[in-house]
Amino acid sequence: MKWFKGIFKMTFISELQYRAAAWSGILTNIFIGAIFIMIYSAFYKSSTEVPMNFKDLASYIWLGQGFFLLTSLSFQDWELIDTVRYGSVSYEMVRPYELYGFWFGRLMAQRMAAVALRFLPVLAVAFLIPDPYGLSLPATWTGLILSIISLLLSFILATAISMYVYIFLFRVLAAWGATTILAVISSFFSGGIIPIPLMPDYMYQIVNALPFRYLGDFPFRVYTGGIGTNDAVFGILIQIIWILGLILLGRVLFRIASRKVEIQGG
Amino acid sequence: MLLFKYMKINIMSNLEYPLATYSTLLARMVGIILELIGLFFLFDRFQSLVGYSLYEVGLCYLIIRLANALSICFGKGYNSMSGLIRKGAFDTMLIRPRNLVLQSFSHALDIRDLGVSVQYIIMLVLFISIYGVNFTVMKGIVLLLTVISGTAIFLGILMISAGICFFSVKNIEAVSVFTDGGVKLGSYPLTIYNKWITRFFTFIIPFGCANYLPVLYIADKIDSYRWLYMLSPVFGMLFIIPCIFIWYACAKHYSSTGS
Amino acid sequence: MIELKNINKTFRVVKKTSGAKEAFKAMFHREYKEIEALKDLSLKVNEGEIVGYIGPNGAGKSTSIKVMSGILTPDSGECSIMGYTPWKDRRRYVKNIGVVFGQRSQLWWDVPVMDSFLLLKDIYNVPEKTFRENVDMLTEMLNLNEFINQPLRQLSLGQKMRAEIAGSLLHNPQLLFLDEPTIGLDATTKLSVRNFIKTINKEKGTTIMLTTHDMNDIDAITDRVVLIGKGRILYDGSFEQIKKKYGNNKTLTVSFENEAEPIEISGAVLTKIDRNQATYTVDTGTVSIAEIINRLSEKTQLTDVDVKSQAIEEIVASLYEHFNIK
């Protein structure tokens, strides 16, 4: 766990170094959150029969902006991608630890550090915005605790999914496009393009069958109370099952893929 | 013309990596389609947006995104100015006996960006052929002007952000508030927002001229002063002129500070 | 050709920070410090000259090359090159110069070298006939034939550098700046680049300013060196002079028949002694080699004598030391 803390700290510091990028990231998230709120408030004026009330929708959007880098699969470790692409990965192969676990930790530490730096300012601003446009307090205390648990699990889930990018890279070196496709699909099915409750009803089945909604949509709706305590606990269990399944499969594929690289000589 | 020769050499460079080019284009297409589906879903849920139909909103949406794609395509040099400065490519431009504004424009045209623009053009044409009513040649011309106008506005913003790079070599990403934010904002008719936002983005950064003003004309929603709405894109284009001067002044400053 | 008068240039750079706390502070506030890159720099170069520009890293070599090539505007001072002020008449001025930066490429990375040349032809408006002649000449002199139709990224370092140099000469510049043109090259390529520089200077009369860390470059190409350190010109003159002044130390290794006691000789410093071999450092300014050998042979039976001059690198190191700029 020491190296995990080390990487977390290193990423945090280097993110701090790019203060302009960090600030403008925060600013962009706030600005885009505000635009979304305005667009939806205009849409809500045009219809009354909506499966999610506006106040909850506003919280949903602000959480989405605050935890933008948690859900975004286009957030990747470029250094690691280059290691795989340019073949210096063979050096990594001889290190005395399980590569999958180490990379997993590295990616997760980076994601957590990047989010840790940004989410508070965004959410703080969102709290200050008056009802119903801002971020409201959680519906219940249990809801808050469950949503925090689920958000922490989201970090693991996001990392487990993003590991597939590297598995891909082992096999097809120019899998760059595949990465982007994964990021776009994940964004769509986690409610990043439009909130999932606003999708047509027939979409719910598809969304529920995929792991992506547990990255953002699920914890956000546990927070707003749109998902009740029982459903939340059940959902967290499914989230854990997804995590375990994706990690187990990922490890096997990772091993097969990386073995292939060794044979080719990197 | 030199500009086209620069483009040719850039495209030749891209074609050295066909797989990367195609896979990126495919990925972008998936993204474009999923985002459009999102818009359709919203209209499925809400039927209209304070009086605007899917047709009008869809036009705004596709026009602004096409304009943004075109601006990235042709303004790549400005978009990546901080990288150019860091890598010394801007120094190389300085030792060439050619105009800096044009050299930057032609610096790094990427066939993938061009491909994205083409995808949006196809979407726009398809969208109009399915949903369009009473579409005339005149409307087509106004539409073309609108796209050019939007491109010019985005290019102007890119140039200003590139100008700021000369002062702080780290990329000033705050400008993405205006480019990314501009795309999000301009994807819907600007009048749905708070009136101050509508005014700011009509009179200061004239996104309105590439948005609801011409779209109202194209969708036959205007009865009086139609010519004013038809000509609005032309006013939007003027935005780029001060931006060129600002960038030029910043580039002058660079040579006195250096890297 | 080149006349610099009292050029000054100061940079403002961000103070580096370390640690999370410092980095966090830097989020809100940054400290700057000023670096004087060039101080009262004055220099005159005549037409047809080759000037070797030397100095340790960070001395101001690149900054002054950037000023002279019109990339940087100095804070104060005058600069007139071929009658132009580089940063004022940029476009008209740069038509007449060629610049090669050894550390980065100016040609297009992913296209064949020849296509880069063709684009440069258009950028500089080189007439077809001149262009053909130059390409033919440069191809022959620099052996570009083997790779001129390959993309730059596939070339070896030496091939790349030859292509870069050729690219900077297509428009017949009267003045050529070469910033570390031999960096990272192997011995053979270094030799051919050196020869080429000399030839182009002789045949076309191109004035050349050359910066390098490899003193053998200077030794092979030119006699005029300008030493710059901490933004000032410390020495401007002949390289032979430097060698004479700072290259007095010679290493003398003698072998003798039987084991001997260490022999102390005045004027020579004993640096190493083995069973039947001794090494001395001799300052030839105070005592001649012949004298030392004479004295040694008086005391013992010499079987072998070996005299080595100081390596040029060492000479320059002691030169830098002398000026306190290392």
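The values are calculated or read from the model by the stated rules, or taken from the named source; none is laboratory data. Note that the coordinates shown come from a computational prediction; the quantities given were computed from them, not determined experimentally. Glycine also receives a Cβ, built like all others from the backbone with ideal geometry; neighbour counts cover every protein chain displayed. The protein model used for the area step is the full one, side chains on, heavy atoms only, and it has no ligands, DNA or RNA in it. Shrake-Rupley method; radii C 1.70, N 1.55, O 1.52, S 1.80 Å.
The residue of segment A:54-76 that is farthest from A:L151 (Cα to Cα), among those that are more than 14 Å from the chain's Cα centre (by Cα) and open to solvent by 30 Å² or more (accessible area, probe 1.4 Å), is A:F54.
Since A:A42 meets every condition but one in (1) farther than 22 Å from A:V184 by Cα; (2) small (G, A, S); (3) more than 13 Å from chain B (Cβ to nearest Cβ), which condition does it not meet? The number of the failed condition is (3). From the residues in segment B:9-27 that are open to solvent by 40 Å² or more (accessible area, probe 1.4 Å) and at the interface with another protein chain (Cβ under 7 Å from one of its Cβ atoms), which one is nearest to the chain's Cα centre (by Cα)? Once the filter is applied, the top-ranked residue is B:L26.
Could you identify the single residue in C:K272, C:K308 that is touching a Lys or Arg at 6+ places or on another chain (Cβ under 7 Å) and either modelled with pLDDT of 75 or more or at positive phi (or both)?
Numbers: C:K272 fails: touching a Lys or Arg at 6+ places or on another chain (Cβ under 7 Å).
On inspection, the qualifying residue turns out to be C:K308.
Considered as a group, the residues in segment C:87-115 that are within 8 Å of chain B (Cβ to nearest Cβ), part of a loop (DSSP other than H, G, I, E, B) and of a type outside the set (S, T, N, Q) include one that is most open to solvent (accessible area, probe 1.4 Å), and that residue is C:W109.
Considered as a group, the residues in segment C:147-173 that are among the aliphatic types (A, V, I, L, M), assigned to a helix (DSSP H, G or I) and away from chain B (no Cβ under 14 Å) include one that is most open to solvent (accessible area, probe 1.4 Å), and that residue is C:L157.
Only residues that are more than 14 Å from every other protein chain (Cβ to nearest Cβ) and modelled with pLDDT under 80 were counted in segment C:21-57, giving 1.
Hey, can you tell me all the residues within segment B:120-138 that are surrounded by fewer than 19 Cβ atoms within 10 Å (Cβ to Cβ) and either in contact with a Lys or Arg (Cβ under 8 Å, 6 or more places away or on another chain) or of a type outside the set (S, T, Y) (or both)? Listed by number, the residues that qualify are B:I121, B:I122, B:V125, B:L126, B:F127, B:I130, B:G132, B:V133, B:N134, B:F135, B:V137, B:M138.
How about segment B:93-178: which helices (runs of 4 or more DSSP H) wholly inside it have at least 2 residues that are under 30 Å from C:H171 (Cβ atoms) and touching a helix residue (DSSP H, G or I) at 6+ places or on another chain (Cβ under 8 Å)?
On the way: elements: B:100-105, B:111-131, B:137-165.
Qualifying helices (runs of 4 or more DSSP H): B:100-105, B:137-165.
Confirm whether C:E78 is more than 10 Å from chain B (Cβ to nearest Cβ), open to solvent by 30 Å² or more (accessible area, probe 1.4 Å) and under 23 Å from the mean Cα position of the chain (by Cα). So C:E78 fails the test.
Give the residue, chosen from C:L120, C:L144, that is in a helix (DSSP H, G or I), open to solvent by less than 10 Å² (accessible area, probe 1.4 Å) and at pLDDT 90 or above. Don't jump to the end; show me each part of the working.
Numbers: C:L144 fails: in a helix (DSSP H, G or I).
Only one candidate passes the filter, namely C:L120.
Modelled with pLDDT under 85, more than 30 Å from A:M52 (Cα to Cα) and more than 9 Å from chain A (Cβ to nearest Cβ): does that describe B:Y6? Write out each step before concluding.
Values: modelled with pLDDT under 85: yes; more than 30 Å from A:M52 (Cα to Cα): yes; more than 9 Å from chain A (Cβ to nearest Cβ): yes.
Answer is yes for this residue.
Residue-level check: of (1) crowded, with 17+ Cβ neighbours inside 10 Å; (2) modelled with pLDDT under 80, C:A278 misses just (2). Only residues that are exposed (fewer than 14 other Cβ atoms within 10 Å of the Cβ) and touching a residue at least 12 places away in the same chain (Cβ under 8 Å) were counted in segment C:292-321, giving 8.
Filter segment A:169-211 down to the residues that are among the aromatic types (F, W, Y) and either touching a strand residue (DSSP E or B) at 6+ places or on another chain (Cβ under 8 Å) or touching a residue at least 40 places away in the same chain (Cβ under 8 Å) (or both) and list them by number. Passing the criteria: only A:F170. The condition (being within 13 Å of chain A (Cβ to nearest Cβ) and either touching a residue at least 60 places away in the same chain (Cβ under 8 Å) or over 30 Å from B:F245 (Cβ atoms) (or both)) is satisfied by just one residue among B:L102, B:L66, B:L39, B:L94: B:L39. Residue-level analysis places B:V118 among those that are away from chain A (no Cβ under 14 Å) and within 29 Å of A:L73 (Cβ to Cβ).
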